[in-house]
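Notes to accompany the following structure.
Readers should treat all values here as calculations from the given coordinates under stated rules, not as data from a laboratory. Nothing here was measured: the structure is a model prediction, and the numbers come from that model. Because the Cβ atoms are built from the backbone with ideal geometry, glycine has one as well, and the counts that use them run over all protein chains shown.
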Amino acid sequence: MRLIFLPFICAIVGFAGATTARATVSDDIAGQVVARVAGSEYILPMLDSDISVSIEGDMATVEITQTFLNEAHVPVEAEYLFPLNQTAAVYGMEMVVGDEIVTAIIQEKAKAEATFQAAANEGKAAALLTQHRPNMFTQRIANLMPGLPIEVTLRYVQMVPKIDGQQELVIPLVVGPRYQGTPETPELVAVSDDDAPLPANTWTVSDVPAHPPVIGLDIPDTFSADRVSLDLSMVSGVSVTDFGSATHPLAIETTDSGLIAAFAQGRVLDNKDLVIRYTLGGQTLEAASLSHTDERGSFLSLIIEPPALPNDATITPRELVFVLDTSGSMGGAPMTASKAFMDTALQGLRDSDYFRIIPFSNTTQSYSADAQLATAGNIRQARRYVNGLGTGGGTEIDNAIRTAFATRQPENTLRIVVFLSDGYIGNEAQVLRTLNQQIGQARVYAFGVGSSVNRYLLDAMADEGRGYARYVPVGEDAGEVAQTLAADLKTPLLTDISIDWGDLDVTEVTPTRIPDLFAGQGLRIYARHAGTETAQVTVKGLVQGRMAEMPVTLTLTDNADASALPLVWARTRIASLTRQVALGQNADAADAEITRLGLNFSLQTQNTSFVAVSQKRVNTTGQTATPASVPLPIPAGVPVTAFSGSSTPEPHAILGFLIVAAMSIAGLRRKVG
């Protein structure tokens, strides 16, 4: 990941004064912003990313390389916000400064921050990785000197889950806005200017405090707008078919051992998440196991595939509660896709089904006071209602959850709450607590609509609701994808799953509550174990309300190819503990266990951080490094109005604000187009 930035783009907090500038963002460049200054054009600096991926079957190892380059004339401290997959087990970080290679160490968060600050004060180069959420991180670089690049490499592993019959690997590339309820930063709003009328899709950032000019900071002439490269290799012991990406065209070559792939156009703009899907052949077992033993102990994973059932397995009458996000960030393509989803879902209801529709933004509405039977007339009226919905405001999903469970459920039905949202909120913990308190025996299906949605939140909601999450990317085929997903609102094939481990000694099983099993997907259960090489366990559950069970023979010999399994187990265990903290369930003990696991397994968590410090002192100027935040692209398909007073940016993340800060520092009023 190569980062080039303008060091005069500084944090806004603490500035004094005010200025106004205009910014136009064209959807076809989605985040590439060109500044015009004194008749010259500059592409404002963003990020070059070098991503290396190695896939073995359904396990992926990813390296992300960030090269920080200071093209100014003074020392800089840089801060960059970026996403990772929420299931990623980040196990290593390395920093290269000149000819010095530094391996990062894991420390408790506060200690790591102190180590970083001490190094910064001593004039040493340093890098600090901080986790804000399981899918959101910041990288800080101290004493980034002119002409002396600093390269930071992150390494993580993750399992590639099976979704609708295919493995799906998601590599997030951009962070979207988050709604916090009340704005904590200047608003980005549409304005009317009688002196200089604004063209369509032009927005103004106002009330941004000014900052005195910083001496020695220059604007480079050009910056690369296409910043992300991909180097992917795959090795598999079974056949691989249908390998590709609907989000990014890939150049794919077959090899003797598997395949290699890269972006078809070489480099791309990081304004939407990369999603790769493929089918693994030779998987006919309903359950399989994997195990590994090292100095940390013995670990296993159990994979459960859905049973083969007749078509009448899903005849239980349902109450479908559709909770539809109509906030400002859903404007345009996301709302169009949501309406396509709703139209297909309503037409696909069975005669025995009931339904409700709950649109929400700052406020929550209800299409009807009670659940409506899915008659032809009721469905026609509901389709007209959905078609007439508009967008605007913030994302008050907590109130929408309460409304979804506020009415009496029709007798003898399975309540399924279907959420359609981009998940652009910041209070995930409160949402999960509310859902946990309200859900009862209902199931939750989460459908993320957008090119860079908050998968952490939506996956967590689905897990809490023993359902599933699916994602509709914004693009030419978004409506088609939405319709396909809506036409297949699955009913779980196996519910209330438990495992009888027999004589096998297992501890710290995760997930602690096993979700339902749906057609086209598999479940992975992780645990520590001791003792035997083989074991007989029994998977139990309900099929159409009737008890069913499946015996499974586990072979638990050490598998050298599964050396990443302890890291994956620890990361999955941390995810379960993080959920406990969010729900307030024995939170102190869970929080302490997160710290212990992070330190013992050398993993990045919300309580532990990687920090790297050079041996050499690089800043000998006597100048304190100038803070510099790095701008991010606007996610593709997300309107600029998503960054309004209804949304609070993540730390130093909102591009428009940073643009205006830069303009303020230079003492200019610049038009960006």
Report, in whole Å, the centroid distance computed from the Cα atoms of the stretch 515-591 and the stretch 397-455. 24 Å
Which percent, nearest 5, of DSSP beta bridges in the stretch 317-486 are antiparallel? 10 percent
The stretch 317-486 - convex hull of alpha carbons, volume per residue in Å³: 96 Å³
Run the paramagnetic zone check for Gln347: 7 angstrom along Cα to Cβ, then residues of the stretch 362-386 with backbone nitrogen under 13 Å. 380, 383-384
The residues Asp503, Asp99, Asp558, sorted from fewest to most surrounding Cβ atoms within 10 Å, come out as Asp99, Asp503, Asp558
Kirkwood-based Rg/Rh on the Cα set of the stretch 362-405 evaluates to 1.02
Note: Ala589 to Leu148 extended length (0.36 nm per residue) minus current alpha-carbon separation gives 154.4 nm
Which of rounded, prolate, oblate describes the stretch 502-586, given a ≥ b ≥ c as roots of the alpha-carbon gyration tensor eigenvalues and a/c under 1.5 marking rounded, otherwise prolate only if a/b is larger than b/c? oblate
Quick one: which of 451-459, 517-525, 348-356 comes out on top by average Cβ neighbours within 10 Å, and what's the full order, highest first? 451-459, 517-525, 348-356
How do Phe601, Phe360 rank when sorted from fewest to most other Cβ atoms within 10 Å of their own Cβ? Phe601, Phe360
Please report Trp569, Trp501 as a ranked list, fewest other C-beta atoms within 10 angstrom at the top and most at the bottom. Trp501, Trp569
